[in-house]
Amino acid sequence: MSDPTQSKIDRELDNEVLLSADLATHATVWKSRPTRLEFSFNNLCNLKCVMCAKSDDEPNWVLDEAVGVKFLDDVLPWTLHWTPSANSEPLLNDITLVSELAHKHLVWLHLFSNGTLLTIERYEKIKDRLHKLWISLDAATKETFEAIRVPAKWEPVMANVEAVLPRALKDGVEVTFNFVLQTKNYREAAAFVDLVADLGGKACNIQELLPNSSTFHDLKWEGHVSEADLAAALNAARERAAARCVDLTLELRPPFHAKDYHNPPTDAFKAPLAELRLRHSDAIARLFPSFCSMATTYLKVSPDGAVFPCCRGPDELKMGDATKQSFEEIWNGPKYRAFRKAMFEGNYPEPCANCYVLVGNPAYQRMKAAGGRAST
């Protein structure tokens, strides 16, 4: 009987070679398969954060469990990282089922949680397959936190974080704290880094605000905050990160994007195969900058069945319907083939043309400065 772990390793090594060949030959029908999956059985959330579609009463969807499991059994054999959320709180899924499927297919979980339900009891159910835990706080103070993350309360969330964080770090889980940059919180960027350090955290992200809610134009810094003031706030955060030994990523478009690492890398990875894929993805971004690196490996499936090639999932990039089509029919169907052709030709769909993931890639910036598309 074959060893499932060895089979997973062999499948992934083959997949990396196939992806490189798909990109190098400008193929539109791909032999490689996605290794990062965003899939949730529902899009339920217990919060209505001001920058989220939930604040506009986004409709709730719950996917039929049998349909979802069938699709997952087709995709998870290739998957290394599974994010079980859909603009939602992942701990509102059936965590026992998620854990069982992750074990069955040797998949690692990447959880984005708002912290309200992140109890020790729930953590224990998923810890064996939990690789990355990202906790969204978006503030450094109680007042700002409760103004953004409605109707969460500061004290219970801090209590959950203080209980789970040391256990997760001891278990080898990579924990990152998230801060979506907006007019309500940009002044707290440096204090947020200090909060993360005070909690015992080692990493945080300051992320770009996306146009996900009707309040986007009021919350985005552009038009409300000067570049000089924003730069001062972000530079202060970078200084605090260096002083407190906190890894800081500014997931922002130029000129503000940055990655500052202050903790020595570890040789003891909890999920070595997934880490290898992340490094391969970095290489893909450098070598093929004209093709969005996320779209090479990512698959997003909404609970209504809509399938997309990236985490943002705009309607213009809907590739198929998982409730009516198989994974194979979607992955190399006409919409995916047309999308890949446009990527190779540099005729980017409107949602892609100014997306941080594409244009924030330093290799893409160098390519554009040189006057054109990269030769692949």
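The values are calculated or read from the model by the stated rules, or taken from the named source; none is laboratory data. Computed from a prediction, not measured in an experiment: that's the story for all the values here. Glycine also receives a Cβ, built like all others from the backbone with ideal geometry; neighbour counts cover every protein chain displayed. SASA here: full protein model, heavy atoms, side chains in, ligands and nucleic acids out. Shrake-Rupley method; radii C 1.70, N 1.55, O 1.52, S 1.80 Å.
Among the residues of the stretch 1-39, those identified as outside any loop (DSSP other than H, G, I, E, B), open to solvent by less than 30 Å² (accessible area, probe 1.4 Å) and in contact with a strand residue (DSSP E or B) (Cβ under 7 Å, 6 or more places away or on another chain) are Leu37, Glu38, Phe39. Could you tell me how many of the residues in the stretch 282-303 are open to solvent by 20 Å² or more (accessible area, probe 1.4 Å), farther than 28 Å from Asn60 by Cβ and either in a helix (DSSP H, G or I) or in contact with a strand residue (DSSP E or B) (Cβ under 6 Å, 6 or more places away or on another chain) (or both)? Counting residues in the stretch 282-303 that are open to solvent by 20 Å² or more (accessible area, probe 1.4 Å), farther than 28 Å from Asn60 by Cβ and either in a helix (DSSP H, G or I) or in contact with a strand residue (DSSP E or B) (Cβ under 6 Å, 6 or more places away or on another chain) (or both) gives 5. Within the stretch 89-104, being hydrophobic (A, V, I, L, M, F, W, C) and open to solvent by less than 30 Å² (accessible area, probe 1.4 Å) holds for Leu91, Ile95, Leu97, Val98, Leu101, Ala102. Only residues in the stretch 163-178 that are free of Cβ contacts under 8 Å to residues at least 40 places away in the same chain count as the first member; pair them with residues that are open to solvent by less than 40 Å² (accessible area, probe 1.4 Å), Cβ under 8 angstrom, at least 6 apart or cross-chain, and list the lot. As it stands, the answer is Leu165/Val175; Leu165/Leu199; Leu165/Gly200; Leu165/Gly201; Pro166/Gly200; Leu169/Val175; Leu169/Gly200, since those pairs meet every condition given.
Determine which member of the set Lys270, Lys259 is assigned to a loop (DSSP other than H, G, I, E, B), open to solvent by 30 Å² or more (accessible area, probe 1.4 Å), over 28 Å from Trp331 (Cα atoms) and in contact with a strand residue (DSSP E or B) (Cβ under 7 Å, 6 or more places away or on another chain). I'd like the intermediate steps shown before the answer.
Values: Lys259 fails: assigned to a loop (DSSP other than H, G, I, E, B).
Only one candidate qualifies: Lys270.
In the stretch 40-72, of all residues being in contact with a helix residue (DSSP H, G or I) (Cβ under 8 Å, 6 or more places away or on another chain) and of a type in the set (D, E, K, R), the one that is surrounded by the most Cβ atoms within 10 Å (Cβ to Cβ) corresponds to Lys48. Ser136 fulfils the conditions (1) farther than 14 Å from Asn178 by Cα; (2) crowded, with 19+ Cβ neighbours inside 10 Å except for a single criterion, (1).
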